[in-house]
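Inspection log for the structure reproduced underneath, given as structure tokens.
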Amino acid sequence: RSLPVPKLHCLVRAMAATASEFLLPSARPAKLGKPITFGPPAGEPAKAAILWLHGFGDQPDGWAQLLRPLRNAASPSWKWLHLRAPRLAQPCYKNTALPAWGQFFSTQCLHAGAKDHEDPDESGKYAASVLAVHAEIARLEREHNLTSQQVVVAGFSQGAAVALESVLTHPQRLAGCVALSGWLTRRARAALAKRPPSGTPFLLCHGTKDDMVGYDCAEAALKAFHQSMGDNCASVQLEQFKGMAHSSCAKELRLVAAFLQKHLMSSESGAPELKIPAWEPGGTAADSDCDCSDGEEEESGETPDLIFVRKRALDQVREQLTSASEVSKASVQELVQLDEVADDEVLVPVDAAVLGEDALEDVDVALEKLGAQAVAEAFVKAAQEAASTGAVELTAARWRQLVDAGFSDFGEEGEEEEECEGDEEEEADGGSDACENPEGDGEPTEAKSKRPRLS
């Protein structure tokens, strides 16, 4: 007698049918790293979910930290999954493996019509990531009794491109899609032309000074939506941010919060408008490089100038100081050796003013002038001062992204993230694995002479 077919196999078959419909290669979903998840409280059901995809070369913790004020203000019944991209060989970096949802062939700014914009995805890397997102949606439906219409897929940069393609190729209508500084892939445009996304709202946000993914990509995306949907394009919202580079700002985050509240709380009558003090004009997370203050002058308190050092090295120096053992010059020098740091290594902020001019300008000179013990004590004190102001630790990938995007004020990044819930998420076919793919060494040295696409 034949055995009953498990539900998961049925879902995989449905996904395969969808893949065939939208010309996705017959590939398995990408094996993602372990996600960062939040909510709802133990024992309470989820009423909605947000899948968030980080940018190229990044990790999920940066956006998890940045969105903490929103999670605190939003419904506790929402489940958040910050997905972790696999490491993929990148042709633009001599096939060095980096965290990515697909492959890049150029380190230049991505414009409409450029090679990366028109990439047919012959390797199937983007397709595999899209299928992995579909598998996560299926998991939410299966394990949390949610429907696709209770799920929003969102992303930044390359993550936004995959979010758009995932929503446009999904067989069911979703609650919405948020795409920040992204673009429509070739397959996403084909899917859009074949089947207009009836009923699914889209929020597209883009800075006019984006020099990694040009603003013309947003204009091309809106044109494609208009060509597909005609007069029914009211559900597609494009927000332009004058003067903003490849980054985010408080006004953009307020729009994201309002979009999620509107489309995930629509079934609950009298859902209140979300007010997030940190993102309001004058709040602690004032706009960074975006001339978009709603006509209101934003004031903020004095924020310290910060530099970042290696946490592992700082812990070693702190241990040498507390154990009364001799502090070595090599230990102090290691604090500021950031050129070859792996993307996932943690960096710690230190207050430049507390550190002092000698150590700030040249650590080697400071070591000769003041001695290793005095310089080490200055770094430890400066780190303590930075932590007291709410400055947060970053991965090296996130730090590079912020530096490259023009951030000078890292104190606005948010508070330190609380301990993540759901770390014991079980592995499902095509879902998230509990371990990262160890392949690859991070950003190659030669890429630093160009503008790396660390989104």
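The values are calculated or read from the model by the stated rules, or taken from the named source; none is laboratory data. Everything quoted here is computed from the prediction, not taken from an experiment. Here Cβ is always computed from backbone atoms with ideal geometry, including for glycine, and neighbour counts include all displayed protein chains. Heavy atoms of the whole protein, side chains included, go into the accessibility calculation; ligands, DNA and RNA do not. Shrake-Rupley method; radii C 1.70, N 1.55, O 1.52, S 1.80 Å.
So is SER106 over 30 Å from LYS242 (Cβ atoms), in a loop (DSSP other than H, G, I, E, B), open to solvent by 30 Å² or more (accessible area, probe 1.4 Å) and out of contact with any Ser or Thr (no Cβ under 8 Å at 6 or more places or on another chain) or not?
No: the conditions fail for SER106.
Could you please let me know if SER129 is in contact with a helix residue (DSSP H, G or I) (Cβ under 6 Å, 6 or more places away or on another chain) and in contact (Cβ under 8 Å) with a residue 24 or more places away in the chain?
yes
Being over 30 Å from LYS223 (Cβ atoms), of a type outside the set (Gly, Ala, Ser) and open to solvent by less than 10 Å² (accessible area, probe 1.4 Å): is that true of HIS134 here?
no
Of the conditions (1) at pLDDT 90 or above; (2) open to solvent by 80 Å² or more (accessible area, probe 1.4 Å), ALA342 satisfies every one except a single condition; which number is it?
With (1) at pLDDT 90 or above; (2) open to solvent by 80 Å² or more (accessible area, probe 1.4 Å) applied to ALA342, the lone miss is (2).
When you scan the stretch 280-293, do you find a residue that is open to solvent by less than 20 Å² (accessible area, probe 1.4 Å), at pLDDT 90 or above and in a loop (DSSP other than H, G, I, E, B), even just one?
For the stretch 280-293, residues open to solvent by less than 20 Å² (accessible area, probe 1.4 Å), at pLDDT 90 or above and in a loop (DSSP other than H, G, I, E, B): absent.
Just one of ALA74, ALA97, ALA112 is small (Gly, Ala, Ser) and touching a strand residue (DSSP E or B) at 6+ places or on another chain (Cβ under 8 Å); which is it?
Result of the check over ALA74, ALA97, ALA112: ALA97.
Let's see how each residue does on (1) at pLDDT below 95; (2) farther than 21 Å from VAL167 by Cβ:
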position: THR208; (1), (2): no, yes
position: TYR215; (1), (2): no, yes
position: LEU222; (1), (2): no, no
position: PHE225; (1), (2): no, no
position: GLY230; (1), (2): yes, no
position: ALA234; (1), (2): yes, no
position: GLN237; (1), (2): no, no
position: ALA245; (1), (2): yes, yes
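Let's see how each residue does on (1) assigned to a helix (DSSP H, G or I); (2) over 22 Å from the mean Cα position of the chain (by Cα); (3) polar (S, T, N, Q):
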residue: VAL133; (1), (2), (3): yes, no, no
residue: ALA163; (1), (2), (3): yes, no, no
residue: VAL178; (1), (2), (3): no, no, no
residue: ALA190; (1), (2), (3): yes, yes, no
residue: PRO197; (1), (2), (3): no, yes, no
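Take the stretch 201-224 and flag every residue that is surrounded by fewer than 23 Cβ atoms within 10 Å (Cβ to Cβ) and either basic (Lys, Arg) or touching a helix residue (DSSP H, G or I) at 6+ places or on another chain (Cβ under 6 Å) (or both).
Hits for the stretch 201-224 are PRO201, THR208, LYS209, LYS223, ALA224.
Please tell me if PHE156 is in contact with a Cys (Cβ under 8 Å, 6 or more places away or on another chain) and open to solvent by less than 50 Å² (accessible area, probe 1.4 Å).
no
Which one is least open to solvent (accessible area, probe 1.4 Å) among residues in the stretch 322-339 that are modelled with pLDDT under 85 and over 26 Å from LEU98 (Cβ atoms)?
Restricting to residues being modelled with pLDDT under 85 and over 26 Å from LEU98 (Cβ atoms), the top hit is SER325.
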